[in-house]
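The next block holds one structure in the form of structure tokens; read it before the comments.
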Amino acid sequence: MWPFILPGALLASAAACAGPGETVPVLYTYDDVISGAQLRAEAGVVIGAIFNPCGTTPAMQPTIDRFELFVESLPAEAQKLDMAIARADYDYQMSLVDIACPDFTEQETLEYEKLEISVANSVLDRMDRLVTPVSGQDK
């Protein structure tokens, strides 16, 4: 496949630059688009769980920290860009809707969040395997 620059592909990933508004050119090829699809899809699941628009309890913090460490440790700039795209997609989707947060009891909130934490950590396990080559094999 021939490389090309997607519209907006010379973007700065929040994870890859010093701060909002600063840009760092990243060549994001068609191959990156294809290879990053699974990572972006998985990230969308995690992001939806850990950045709940109705808020989270302190129990979610270790999972949020794990996700942030995962993003920071990605070996390729294109992968960091994939994470920024996944987060921007989620933020945009949330900007389109009015969220009516349920009025859960504290126990219901903890049970719901326990499930969200479990899902997020399971998906993060898959994401770890996506970016970590199996010994003796290329990814």
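Here is how the numbers come out for the structure above:
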quantity: Residues (within 19 Å of Pro53 (Cβ to Cβ), assigned to a loop (DSSP other than H, G, I, E, B) and β-branched (Val, Ile, Thr)) located in segment 94-120; calculated: Val97, Ile99
quantity: Residue count for segment 74-93, restricted to those that are open to solvent by 80 Å² or more (accessible area, probe 1.4 Å) and not in a helix (DSSP H, G or I); calculated: 1
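The values are calculated or read from the model by the stated rules, or taken from the named source; none is laboratory data. If you're wondering where the values come from, they're calculated on a predicted model, not measured in any experiment. Note: ideal-geometry Cβ built from the backbone for every residue, glycine included; neighbour counts use all protein chains shown. Note: accessible area is taken over every heavy atom of the protein model, side chains too, but ligands, DNA and RNA are not part of it. Shrake-Rupley method; radii C 1.70, N 1.55, O 1.52, S 1.80 Å.
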